[in-house]
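Note sheet for the following structure.
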Amino acid sequence: MFQRLYRPLVFVLLAAVAAAAQAQSAPSLQQSMGSAAFRQAGLDKLSPQELHALEQWLSAHPDAMVPPPSQASSAAVAANRSSSHPDARAAKAGPARTVIASRVAGRFGGWQRGTVLTLENGQRWQVVDDSSLSPGKPLDAPAVTIKPGMVGGWLLKVEGYNASARVKPAN
């Protein structure tokens, strides 16, 4: 009878010890990113509680750190594609992920979730968040910048507007 009562308790304790050991062995966000990238992202300004909450969220959402293979390869291709168009300028932001500067091909009337924007450099990007931008009247080939996001995504910004959209390659 003694064994029957304490056996479940022993299993629960072993599971708790295993979970604690796994949590301790996981590298911190700063270790994973490196000190320079950690500071550059502004994460050194977080309180210990905020940093812990972020690390907990990232642990609970491992897919947020790695884009699906189709998006990862499309993003790498899009980011590394060279263009001969004079308005397509790229500034190096890190290995295999660069800032993309170009213009919208033709008229731009804004965006909302699902909008696909074609750039003059030939890239196509789809808005994947719930943001929206309505410039009032359509713009002719406004300049855009697409920057690598913190967790593997991309952020699109139209020159002259303070809004940004999470985007993914639509190729």
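The values are calculated or read from the model by the stated rules, or taken from the named source; none is laboratory data. What you see is a predicted model, and the numbers here were worked out from it, not measured in a lab. Every residue, glycine as well, gets a Cβ built from its backbone with ideal geometry; the counts of neighbours run over all protein chains shown.
Observations
- Scanning the stretch 101-131 for residues that are part of a strand (DSSP E or B) and of a type outside the set (F, W, Y) turns up A101, S102, R103, V104, R107, V116, L117, T118, L119, R124, Q126, V127.
- For the stretch 126-143, the tally of residues that are among the small types (G, A, S) and in contact with a strand residue (DSSP E or B) (Cβ under 7 Å, 6 or more places away or on another chain) stands at 4.
- Residues in the stretch 148-171 that are aliphatic (A, V, I, L, M) and farther than 22 Å from Q40 by Cβ: V158, A163, A165, A170.
- Enumeration of residues in the stretch 15-62 that are at pLDDT 70 or above and of a type in the set (A, V, I, L, M, F, W, C): A36, A37, F38, A41, L43, L46, L51, A53, L54, W57, L58
- Only listed residue being more than 26 Å from W57 (Cα to Cα), surrounded by 14 or more Cβ atoms within 10 Å (Cβ to Cβ) and free of Cβ contacts under 8 Å to residues at least 60 places away in the same chain, chosen from K137, K157, K147: K157
- Residue check for S74: of a type outside the set (A, V, I, L, M), crowded, with 17+ Cβ neighbours inside 10 Å, modelled with pLDDT under 50 and in a helix (DSSP H, G or I): yes
- From the list V158, V144, V116, V128, the one residue that fits, being of a type outside the set (G, A, S) and either assigned by TED's automatic domain parsing to the domain that holds Q40 or within 12 Å of the chain's Cα centre (by Cα) (or both), is V128.
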